[in-house]
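Structure first, then comments.
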Amino acid sequence: MDRLQSTSIFPGTFQDEITGQFRLIWQVLKAPLIVPVLQLLVQLCLAMSIMLFMERLYMGIVIIFVKLFGRKPHKRYKWEPIKDDVELGNSAYPMVLVQIPMYNEKEVYRLSIGAACGLSWPSDRIIIQVLDDSTDPAIKSLVETECQRWASKGINIKYEIRDNRKGYKAGALKEGMKHSYVKQCHYVAIFDADFQPEPDFLWRTVPFLVHNPQIALVQARWKFVNADECLMTRMQEMSLDYHFKVEQEVGSSTYAFFGFNGTAGVWRTSALNEAGGWKDRTTVEDMDLAVRASLKGWKFVYVGDLTVKNELPGTFKAYRYQQHRWSCGPANLFKKMASEIAKNKKVSAWKKFYVIYSFFFVRKIVAHILTFTLYCVVLPATVLVPEVEVPKWGAIYIPSIITILNAVGTPRSFHLLIFWVLFENVMSLHRTKATFIGLLEAGRVNEWVVTEKLGDALKTKFTAKTPRKSRLKIGERLHLLELGVGGYLFFCGCQDFAFGKNSYFIFLFLQSFAFFIAGIGYVGTFIHNT
């Protein structure tokens, strides 16, 4: 009996000792180390919040003026339809190259090629160039057969392949520009494999380039065909609508700068070549080209009322990879080009300031780091260290205003604002990680994983009879980073519920659940095996 008592009491005593040691270490480190570091982080977060708030406020004011005074591209630049010329015939129309880079795009290759071949333009003044980097022989065969099918209908379509994937998309586009027939092309339109331009796309974009020799790029807006597929795609739509309807519009209407989106745009071939062509030094080759062209003095125009249909990532895995590339690449490009931009003599000081501070530093670095650091690290930590407080204006008021300003681009989803905030905070974990990888040029800095498109699989998801077994194994469904952050937030929420005074536990519990849901992979569209 004594032996049973001793074995049952000992574990509790041992646990008490361990707990006591942790409390002692915590008390020893708290005042001299943890409190000062947390106070510094709070000050940094407040400074970044003010920077982001001023940036959002500036863009909000500009977009109001744009809407009120109707500063449409057609009013700021010369635009008129290209007219027929009896003597010149079709040669009155510029030669246009349409590039479609693709990689194992089984679900969408037919849609993109069909849309490009359906563009309304004189047939002898357009060349469709399919740049196929596919590694799957079966898919390559399908794409080549599709190109041959359109060629048999009289479409001038070229199927181009290469023996390696060096430089990924940038490498494919660069290689595509080397073909002899490209030399006769005045303009280059680029569409990713899931983009489907309307037939009048060239009629609405090319005149800007024809009548305004200072314009290098005409960018159209993205329209998402699967925005209503699931809650995750609705969240993506909210983020990207702000980018297109506010950020791109402000950059274009103020003649400042906006980045090329890598697709749904038309370049002046001479401007593309003068800027140095495609480079694969970062994973944002489109932004790289746009910055270099801008530094040469070229202007860009954004046509917000011209939309091109495309697909949002439908799976959480695909979205994570995309966001890594979109966050790591700009940070890495900023590191490589900040000095070059500052020293440039061809553009105004205002434009250099806009590109360095507003476009790169605030939007591509501060926005990512602030979101994760403040809401997922610092604010929860103040629950454990009550000696440090985040002022109400920094914890609630400014973030609320920023959130509302971010949501104006998608009024139909305003009722989903809470979900959007929680989802964006989850994704800020990966964006912050990717941003530091880009700045430090760490391991995954040049990682390029092509975003998986579901295409026709989305159409058959509910009609096809499929087994219950999912493609994803349990190991692939679990995301330890999300689970770890979720556990930290839940612990802080419990601590605040028991001992806190700020009622942060409401947010902390909700945010922890969002991380847990993402951590077990219960996000996005699920496509089953056939």
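The values are calculated or read from the model by the stated rules, or taken from the named source; none is laboratory data. Note that the coordinates shown come from a computational prediction; the quantities given were computed from them, not determined experimentally. Every residue, glycine among them, receives a Cβ derived from its backbone with ideal geometry; neighbour counts consider all protein chains shown. Keep in mind that these areas ignore ligands, DNA and RNA; they rest on the heavy atoms of the full protein, side chains included. Shrake-Rupley method; radii C 1.70, N 1.55, O 1.52, S 1.80 Å.
Overview of values
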{"item": "Any chance Ser239 is crowded, with 19+ Cβ neighbours inside 10 Å and either more than 27 Å from Ile365 (Cβ to Cβ) or not hydrophobic (A, V, I, L, M, F, W, C) (or both)", "result": "no"}
{"item": "Test: residue in region 280-290 that is modelled with pLDDT under 95, in contact with a strand residue (DSSP E or B) (Cβ under 8 Å, 6 or more places away or on another chain) and of a type in the set (Gly, Ala, Ser)", "result": "no"}
{"item": "Matching residues in region 168-178 - criterion: being open to solvent by less than 50 Å² (accessible area, probe 1.4 Å) and either within 14 Å of Val130 (Cβ to Cβ) or part of a helix (DSSP H, G or I) (or both)", "result": "Lys169, Ala170, Gly171, Ala172, Leu173, Gly176"}
{"item": "Selected residue (criterion: nearest to Lys433 (Cα to Cα)) from residues of region 399-411 that are surrounded by fewer than 19 Cβ atoms within 10 Å (Cβ to Cβ) and either over 21 Å from the mean Cα position of the chain (by Cα) or of a type in the set (Val, Ile, Thr) (or both)", "result": "Thr403"}
{"item": "Residue that is most open to solvent (accessible area, probe 1.4 Å) [pool: residues in region 38-75 that are under 28 Å from the mean Cα position of the chain (by Cα) and of a type in the set (Lys, Arg)]", "result": "Lys67"}
{"item": "Residue in region 106-117 that is on the phi > 0 side of the Ramachandran plot, part of a loop (DSSP other than H, G, I, E, B) and at pLDDT below 95 present", "result": "no"}
{"item": "Selected residue (only one of Val188, Val206, Val182, Val218 is of a type outside the set (Phe, Trp, Tyr), part of a helix (DSSP H, G or I) and surrounded by 19 or more Cβ atoms within 10 Å (Cβ to Cβ))", "result": "Val206"}
{"item": "All positions within region 326-340 that are open to solvent by less than 10 Å² (accessible area, probe 1.4 Å) and under 12 Å from Leu440 (Cα atoms)", "result": "Cys328, Gly329, Ala331, Asn332, Leu333"}
{"item": "Region 123-139 - residue that is open to solvent by less than 20 Å² (accessible area, probe 1.4 Å) and not in a strand (DSSP E or B) and, of those, nearest to Arg162 (Cα to Cα)", "result": "Asp133"}
{"item": "Sole exception among (1) at pLDDT 95 or above; (2) among the hydrophobic types (A, V, I, L, M, F, W, C); (3) open to solvent by 60 Å² or more (accessible area, probe 1.4 Å); (4) more than 27 Å from the chain's Cα centre (by Cα) for Phe436, by number", "result": "(4)"}
{"item": "Evaluation of Phe490 against (1) at pLDDT 95 or above; (2) over 23 Å from Val366 (Cβ atoms); (3) open to solvent by less than 50 Å² (accessible area, probe 1.4 Å) (one fails), failing number", "result": "(3)"}
{"item": "Residue list for region 346-383, filter: of a type outside the set (A, V, I, L, M, F, W, C), touching a residue at least 12 places away in the same chain (Cβ under 8 Å) and either within 25 Å of Leu481 (Cβ to Cβ) or open to solvent by 30 Å² or more (accessible area, probe 1.4 Å) (or both)", "result": "Lys346, Arg363, Lys364, His368, Thr371, Thr373, Tyr375, Pro380, Thr382"}
{"item": "Residue check for Gln99: free of Cβ contacts under 8 Å to residues at least 60 places away in the same chain and among the polar types (S, T, N, Q)", "result": "no"}
{"item": "Subset tally (residues that are among the charged types (D, E, K, R) and open to solvent by 50 Å² or more (accessible area, probe 1.4 Å)) for region 191-200", "result": "2"}
{"item": "Filtered residues of region 153-164 (kept if part of a loop (DSSP other than H, G, I, E, B), in contact with a helix residue (DSSP H, G or I) (Cβ under 9 Å, 6 or more places away or on another chain) and open to solvent by 60 Å² or more (accessible area, probe 1.4 Å))", "result": "Lys153, Ile161, Asn164"}
{"item": "Filtered residues of region 261-284 (kept if closer than 29 Å to Val66 by Cβ, within 17 Å of the chain's Cα centre (by Cα) and either β-branched (Val, Ile, Thr) or open to solvent by less than 10 Å² (accessible area, probe 1.4 Å) (or both))", "result": "Gly262, Thr263, Ala264, Gly265, Val284"}
